[in-house]
1. Among residues belonging to region 230-245 that are assigned to a loop (DSSP other than H, G, I, E, B) and in contact (Cβ under 8 Å) with a residue 60 or more places away in the chain, point out the one that is nearest to E195 (Cα to Cα).
2. Got at least one residue in region 269-287 being in contact with a Lys or Arg (Cβ under 7 Å, 6 or more places away or on another chain), of a type in the set (S, T, Y) and assigned to a loop (DSSP other than H, G, I, E, B)?
3. Please specify each residue of region 139-165 satisfying the condition of being under 22 Å from the mean Cα position of the chain (by Cα) and not in a strand (DSSP E or B).
4. Quick one: in region 166-184, which of the residues that are within 21 Å of the chain's Cα centre (by Cα) and either farther than 14 Å from L146 by Cβ or touching a residue at least 40 places away in the same chain (Cβ under 8 Å) (or both) is least open to solvent (accessible area, probe 1.4 Å)?
5. Please indicate, with yes or no, whether at least one residue in region 198-216 is within 30 Å of V370 (Cα to Cα), touching a His at 6+ places or on another chain (Cβ under 9 Å), part of a strand (DSSP E or B) and open to solvent by 40 Å² or more (accessible area, probe 1.4 Å).
6. Within region 246-265, which residues are surrounded by 14 or more Cβ atoms within 10 Å (Cβ to Cβ), part of a loop (DSSP other than H, G, I, E, B) and over 25 Å from the mean Cα position of the chain (by Cα)?
7. Mind checking which strands (runs of 3 or more DSSP E) fall wholly inside region 288-372 and carry at least 1 residues that are open to solvent by 70 Å² or more (accessible area, probe 1.4 Å), within 21 Å of L242 (Cα to Cα) and modelled with pLDDT of 90 or more?
8. Are any residues in region 24-49 touching a helix residue (DSSP H, G or I) at 6+ places or on another chain (Cβ under 8 Å), at pLDDT 75 or above and either open to solvent by 40 Å² or more (accessible area, probe 1.4 Å) or in a helix (DSSP H, G or I) (or both), and if so, which ones?
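The values are calculated or read from the model by the stated rules, or taken from the named source; none is laboratory data. Predicted, not measured: the structure shown is a model, and the values here were computed from it. Neighbour counts run over all protein chains shown; Cβ positions are idealised from the backbone, glycine included. Keep in mind that these areas ignore ligands, DNA and RNA; they rest on the heavy atoms of the full protein, side chains included. Shrake-Rupley method; radii C 1.70, N 1.55, O 1.52, S 1.80 Å.
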Amino acid sequence: VPDPPTPSEPSGNCGGHGWHLAITKSDGCSDGEDYVEGWLYSNIMDRFFHASPELCCEVMFPNQDCKIYDSACGGSAPGATPVPDPPTPSSSNSALDFYEDFEARDISSTQFTTSDLPWTIDDEFSSTGAKSIKNALTKRGQSSKLILAMDYPTDGVLLFDMRHDIFMPWAKLDVTRDGVKHMHFQGHDGPAKWEEHKIPVTQGFNEIIWDVSTIDALIPPNPKGASTVWIDDVRYFGTRTLDFDDDEFDKDLVSFSGLGRWSIDDSLSGPKTGLAAHSPKGLLPGESSTLIIKWTSPSGGPISCDIHLGMGKVSFFIDSQLEYIEDRPGKRTQKIDASVGPGEHILSWKYEPPPMTNMPMSMVWVDNVVLV
């Protein structure tokens with residue numbers, strides 16, 4: 001039977017949100033300021049902050065020893081008003097607001113499971129906070145899988161921070177969704193570093209697997225790299241996609257400025273993926289036309305769109321800030337990724353025709369606008 005929570009010396013720092021995992025110690029609970037800012041998101045505060053040190057220890061260190069780091073601030077419950085949500089969303093255990101930073105001691109405290117050789121949470125590296133989760137080292141023919149199987153209320157995207165130091169043939173990483181491979185890693189340039197990745201999810205049940213494995217064949221000695229993958233800050237964003245395949249603009253979202261009105265059709269050359277919006281035909285040098293989408297994002301997050309320029313110039317703005325510009329033909333379809341904070345936003349695509357009149361393909365096409 002584990003010893004009862006052990007009090008320690010007051011820390012003297014007042015967090016004011018309740019009792020939480022003591023990040024700087026990782027062996028107990030505190031009511032001080034040693035917490036991760038991401039825990040303050042209003043819809044997950046009650047997951048990380050507790051009314052008493054005993055409850056914190058019970059949740060964060062079940063059946064384990066747990067120290068209490070008293071800040072001498074009175075240890076009030078998390079009844080303090082949560083801070084406003086930061087620009088990135090967060091989560092509870094539901095997919096609706098899913099966010100996992102692996103600051104708990106054990107994977108059983110998360111929505112994740114592991115199979116074959118287990119993944120474990122430790123403090124060797126982290127993207128934010130003090131901890132992340134990493135695979136077990138694999139040998140010939142072995143595999144170490146991290147699994148996230150959940151129901152999602154809408155189509156969306158799952159973002160995660162990843163640091164990997166794997167090289168073939170000693171190790172490789174495959175990321176799959178429902179058995180379909182979405183990412184493959186078998187080496188990297190330069191030192192290992194944290195990078196953000198994303199994988200689309202569809203409404204309903206999705207099973208995502210991070211599979212680190214070693215091929216079942218003779219491999220050279222003295223492996224390169226640590227053969228390890230670290231994952232941190234996994235979060236879900238529900239999205240809405242404007243693909244224009246219904247052949248009409250949503251009047252509540254879309255408007256226009258400049259000359260002419262944009263159209264929707266399948267005139268974009270190349271492989272057909274449905275309909276796309278495009279700028280007006282017949283614009284003269286010096287004229288312009290802009291497609292505008294105005295919407296409110298409840299939590300912020302990643303957005304994206306596809307842009308295909310024929311001839312002329314296109315400028316893409318987010319809240320009047322230039323995000324992308326192109327005036328060179330022949331670039332094919334470009335996928336633009338960006339992010340926004342919570343609140344009202346305006347996306348605009350401004351098209352300007354080439355300096356010579358009657359040039360073929362004097363338009364820009366916009367498609368697959370993903371909003372959060």
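1. Step one: filter region 230-245 for residues assigned to a loop (DSSP other than H, G, I, E, B), giving 239, 243-245.
Going one step further and asking which of them are in contact (Cβ under 8 Å) with a residue 60 or more places away in the chain, we end up with 239, 243-244.
Working: T239: 22, D243: 28, F244: 32 Å.
Among residues in region 230-245 that are assigned to a loop (DSSP other than H, G, I, E, B) and in contact (Cβ under 8 Å) with a residue 60 or more places away in the chain, the one nearest to E195 (Cα to Cα) is T239.
2. Going residue by residue through region 269-287, those that are in contact with a Lys or Arg (Cβ under 7 Å, 6 or more places away or on another chain) are 280.
Then keep just the ones that are of a type in the set (S, T, Y); that gives none.
No, region 269-287 contains no residue that is in contact with a Lys or Arg (Cβ under 7 Å, 6 or more places away or on another chain), of a type in the set (S, T, Y) and assigned to a loop (DSSP other than H, G, I, E, B).
3. If we filter region 139-165 for residues that are under 22 Å from the mean Cα position of the chain (by Cα), which is where we start, we get 145-165.
Correct list: P153, T154, D155.
4. So in region 166-184, the residues within 21 Å of the chain's Cα centre (by Cα) come out as 173-184.
Going one step further and asking which of them are either farther than 14 Å from L146 by Cβ or touching a residue at least 40 places away in the same chain (Cβ under 8 Å) (or both), we end up with 173, 178-182, 184.
On the way: L173: 0, D178: 75, G179: 71, V180: 84, K181: 118, H182: 78, H184: 82 Å².
Filtering region 166-184 for residues that are within 21 Å of the chain's Cα centre (by Cα) and either farther than 14 Å from L146 by Cβ or touching a residue at least 40 places away in the same chain (Cβ under 8 Å) (or both), the one least open to solvent (accessible area, probe 1.4 Å) comes out as L173.
5. From region 198-216, those within 30 Å of V370 (Cα to Cα) are 198-211; that's our starting set.
Checking the rest, the ones that are also touching a His at 6+ places or on another chain (Cβ under 9 Å) come to 199-200, 208.
Those still in the list that are part of a strand (DSSP E or B) too: 199-200, 208.
Now restrict to residues that are open to solvent by 40 Å² or more (accessible area, probe 1.4 Å): 200.
Yes, region 198-216 contains a residue that is within 30 Å of V370 (Cα to Cα), touching a His at 6+ places or on another chain (Cβ under 9 Å), part of a strand (DSSP E or B) and open to solvent by 40 Å² or more (accessible area, probe 1.4 Å).
6. F249, L259, G260, W262
7. In region 288-372, 289-297, 321-326, 334-340, 343-352 are the strands (runs of 3 or more DSSP E) which contain 1 or more residues that are open to solvent by 70 Å² or more (accessible area, probe 1.4 Å), within 21 Å of L242 (Cα to Cα) and modelled with pLDDT of 90 or more.
8. Matches in region 24-49: Y35, F48.
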